[in-house]
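The values are calculated or read from the model by the stated rules, or taken from the named source; none is laboratory data. What you see is a predicted model, and the numbers here were worked out from it, not measured in a lab. Neighbour counts are summed over all protein chains in view; Cβ atoms, including those assigned to glycine, are modelled from backbone coordinates with ideal geometry. Just so you know, the surface numbers come from the protein's heavy atoms only, side chains and all, with ligands and any DNA or RNA stripped out. Shrake-Rupley method; radii C 1.70, N 1.55, O 1.52, S 1.80 Å.
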Amino acid sequence: MGAFFDICMLVLLGFLVASAVGLVRRTRQRRAAWESGLTAQARVVRAWVTTQFVDNVARRVQWHEYDYTTQDGRAVRFKEAGGPVDRAEGELVLVHYAAHEPDRATAGEPQVGKDAASTAVWLVGLAVAAVILIYLWTTLPRF
């Protein structure tokens, strides 16, 4: 039974680490896109909403899929979560992209300070959760 407990704790810690890595990776991708200075007009190909239930509370996530052409003529399609609710299919928007990762573009306006602060808050929250998990792992009795 103790081995099962240890495996569960490792899986939970792995989830926290993977979440932190994904958060930092996407933040860096957005910052690279904004700092590259490369922009293009993109068309909204599809817009949809997903719903997640957490503790019996519905959370809506707005998704958009975009098509655009880079300055060197490559056609690119990418998906992005968290866009404005009123953005509809067929609408033209400005996207920012990095030349080395055009499929990691963003349709969001540059908000480097807000993005960094949000990332920092989430990383602190994940770190606190990891510390609590490690504390519980070391102090709870094993059967």
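For the chain, what is the accessible area per residue in Å², given a 1.4 Å probe and the full set of protein chains?
It amounts to 65 Å² per residue over the chain.
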Once amide hydrogens are built 1.01 Å from N within the peptide plane, the residues lying 5 or more places from L38 or on another chain with amide H under 5 Å from its amide H are Y97
With every protein chain present, what accessible area does Y97 have (1.4 Å probe, heavy atoms only), rounded to the nearest 10 Å²? 10 Å²
On the principal axes of its Cα set, how long, how wide and how thick is segment 4-82? Give whole Å, largest value first. 53, 28, 18
Qualifying trypsin sites (Lys or Arg not before Pro) in segment 16-75, DSSP loop, other Cβ atoms within 10 Å at most 12: R74
Length gained if R77 through R26 is fully extended, taking 0.36 nm per residue and subtracting the Cα-Cα distance, is 16.7 nm
Per-residue [θ]222 nm for the chain (sum of -39500 (n - 2.57) over DSSP H runs n ≥ 4, rounded to 500): -16000 deg cm²/dmol
Which residues among segment 62-78 fall inside the zone where the amide N is under 14 Å from a point 7 Å beyond the Cα of V49, along Cα→Cβ? 62-64
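Checking the a/c ratio against 1.5 first, then a/b against b/c, what shape does the Cα gyration tensor give for segment 73-143?
Here segment 73-143 falls in the prolate category.
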Put F15, F5 in order of accessible area, largest first, probe 1.4 Å, and you get F15, F5
How tilted is helix 112-139 with respect to the longest principal axis of the chain? Cα atoms for both, answer in degrees (0 to 90, nearest 10). 20 degrees
Helix axis angle, 2-36 relative to the chain longest principal axis, alpha carbon, degrees: 20 degrees
On the principal axes of its Cα set, how long, how wide and how thick is the chain? Give whole Å, largest value first. 62, 32, 26
GNM, the chain, Cα, under 10 Å: largest mean-square fluctuation among A81, A107, A98? A81
In whole percent, the fraction of accessible protein surface over the chain that belongs to carbon or sulfur atoms, probe radius 1.4 Å, stands at 63 percent
